[in-house]
Amino acid sequence: MDERHHDQIAKWERRWIAASGLMSLVFVILIAYNLATEGGHIAQVAARGTPETLLSREIFAEPGLRITGPGQAQVSIVAQAFNFVPERIRIPVDTEVTFYLTSRDVIHGWQVVNTNLNVEVIPGEISVLRYTFTRPGTYLTVCNQYCGIGHQNMLGEIEVVSASDFARVDDDDAMVADVVDGAQLYAANCASCHGPAGAGIAGAFPPLAGHAAELAEQSRPYLIDSLLYGLQGQIVVRGTTYNGVMPAWGQLSDDEIAAVLDHIVELGGPSVEPFEADEVAAERGKGWSPSDVLEFRRQVIGQ
Ligand code: CUA
C-alpha cells in the first residue's frame with residue numbers, strides 16, 4: 001500500500017477524534033455551567049399510592065400557597081384534565097418554595113416558562129421540588145404532556161410579588177373571599193372543554209348553553225351529580241353522540257357548585273330557579289362513580 005496515502009488517512013482520523021472530543025467537552029462544560037448558575041431542580045418522588053389516597057392528604061385538602069416560616073413556603077398543585085388547581089398562585093419574592101404536585105387523572109406536565117422548573121405530574125405520585133423566585137413578575141405555567149383534547153388550554157400562572165405587595169394583596173383577597181362568582185368559576189374550570197360561551201366542541205364536549213337549562217327542567221339532581229361525581233360514557237345531546245369523561249368537581253364547595261350551575265343555566269334556554277347550596281349538599285355523600293351518574297342520566301333524562 002502507498003505509504004503516503006496511509007498517512008493522509010491517519011491524519012484525518014486524528015482530526016475527527018480531536019473534534020468529537022472537543023464537542024463532548026463543550027457539552028459537559030455547558031451542563032456544568034447550567035447546574036452551577038441555575039441549580040438542578042429535579043423533582044423527587046415524595047409518596048406513591050392511589051390518586052384518591054394522595055389527594056386526601058392534608059397538603060392537597062386546600063391546594064395552593066402556605067407560608068411556613070420566614071422566607072419559607074409550601075405550594076401544592078393538583079393537575080387534572082384540563083387545568084391546574086389552583087390556576088393562579090401568588091408567591092412573595094425571595095421565598096424558598098417547596099412545590100408538591102400530583103395528578104387526579106392522567107399524566108400531565110408542569111412547566112414554568114422562563115425557569116428550569118419542568119415536572120412530569122403523574123397520578124399516584126407526589127413530586128416535590130424546591131425553587132426560589134428571585135425576580136418579581138408573572139410566570140406562565142403550561143402542561144407539556146399531551147393529556148387529551150383540552151391539553152392546549154391547560155395553563156396557569158404564578159405571580160411573584162414583593163413582600164409588601166404580598167401582604168397587601170392578601171388583605172384585599174380576604175375582603176372578597178366570600179363572594180362566589182359563578183362566571184369566574186366557569187371560566188377557570190369549565191370553559192377549556194365546554195367553550196367560553198358553553199357552545200361545546202362538536203363530537204368531543206357537549207354544549208351547555210341552552211341544553212343545561214333543559215336538563216335542569218328534567219332533573220336538577222342529575223345536573224348537580226354530574227358536577228359532584230363526573231360523568232363517563234356515551235350520551236346523545238341534540239342528535240350528536242359523545243363518549244367522553246367529565247371529571248368530578250366535588251372539591252368545589254356547595255356554594256361554588258350552585259353558583260357555577262346558575263351561570264351555566266343562564267347561558268341559554270328556559271329560565272331556571274337559582275340553585276341553592278343546600279340542594280348541592282343533599283347530593284353529597286352518595287359516593288357515586290362517573291358511570292353511576294351515567295346510569296342515573298339514562299333513568300331521568302333518557303339517552
Ligand atoms: Cu394536561 Cu396536557
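The values are calculated or read from the model by the stated rules, or taken from the named source; none is laboratory data. Please read all numbers here as calculations on a predicted model, not as lab measurements. Every residue, glycine among them, receives a Cβ derived from its backbone with ideal geometry; neighbour counts consider all protein chains shown. Ligands, DNA and RNA are excluded from the accessible area calculation, which covers all protein heavy atoms including side chains. Shrake-Rupley method; radii C 1.70, N 1.55, O 1.52, S 1.80 Å.
From the list ILE77, ILE89, ILE42, pick out the single residue that is farther than 30 Å from ALA204 by Cβ and either away from the ligand (no atom under 16 Å from the Cβ) or among the aliphatic types (A, V, I, L, M) (or both).
Checking each option against the conditions leaves just ILE42.
Could you tell me whether SER103 is closer than 28 Å to GLY244 by Cβ, away from the ligand (no atom under 16 Å from the Cβ), at pLDDT 90 or above and surrounded by 20 or more Cβ atoms within 10 Å (Cβ to Cβ)?
Answer is no for this residue.
In the set GLU125, GLU96, GLU159, which member is within 16 Å of the ligand (Cβ to nearest atom) and acidic (Asp, Glu)?
After applying the criteria, what remains is GLU125.
Before we move on, is ARG15 open to solvent by 90 Å² or more (accessible area, probe 1.4 Å), outside the structural domain of GLY244 (by TED's automatic domain parsing) and in contact with a strand residue (DSSP E or B) (Cβ under 6 Å, 6 or more places away or on another chain)?
no
Hey, does the stretch 280-289 have a residue that's within 21 Å of ALA199 (Cα to Cα) and assigned by TED's automatic domain parsing to the domain that holds VAL237?
No.
Can you pull out the residues in the stretch 83-97 that are part of a strand (DSSP E or B) and charged (D, E, K, R)?
ARG88, ARG90, GLU96
Of these, PRO51, PRO92, which one is of a type outside the set (A, V, I, L, M, F, W, C), within 29 Å of ASN153 (Cβ to Cβ) and at pLDDT below 90?
None of the others qualify; the one that does is PRO51.
Quick check on this structure: which one of GLY285, GLY230 is on the phi > 0 side of the Ramachandran plot and either of a type in the set (A, V, I, L, M) or open to solvent by 20 Å² or more (accessible area, probe 1.4 Å) (or both)?
Testing whether each residue is on the phi > 0 side of the Ramachandran plot and either of a type in the set (A, V, I, L, M) or open to solvent by 20 Å² or more (accessible area, probe 1.4 Å) (or both) leaves just GLY285.
Taking the residues in the stretch 282-303 that are of a type in the set (Lys, Arg) and part of a helix (DSSP H, G or I) as candidates, determine which candidate is farthest from the chain's Cα centre (by Cα).
So, considering only residues that are of a type in the set (Lys, Arg) and part of a helix (DSSP H, G or I), the one farthest from the chain's Cα centre (by Cα) is ARG298.
How many residues, within the stretch 29-48, are free of Cβ contacts under 8 Å to residues at least 60 places away in the same chain and more than 26 Å from GLU157 (Cβ to Cβ)?
Adding up the residues that qualify gives 7.
What number of residues within the stretch 193-227 satisfy the criterion of being out of contact with any Leu (no Cβ under 9 Å at 6 or more places or on another chain), among the aliphatic types (A, V, I, L, M) and not in a strand (DSSP E or B)?
Final tally of qualifying residues: 2.
Six or more apart or on different chains, Cβ atoms under 7 Å: show the pairs whose first residue is in the stretch 99-122 and on the phi > 0 side of the Ramachandran plot and whose second is more than 11 Å from the ligand (Cβ to nearest atom).
ASN114/TYR139
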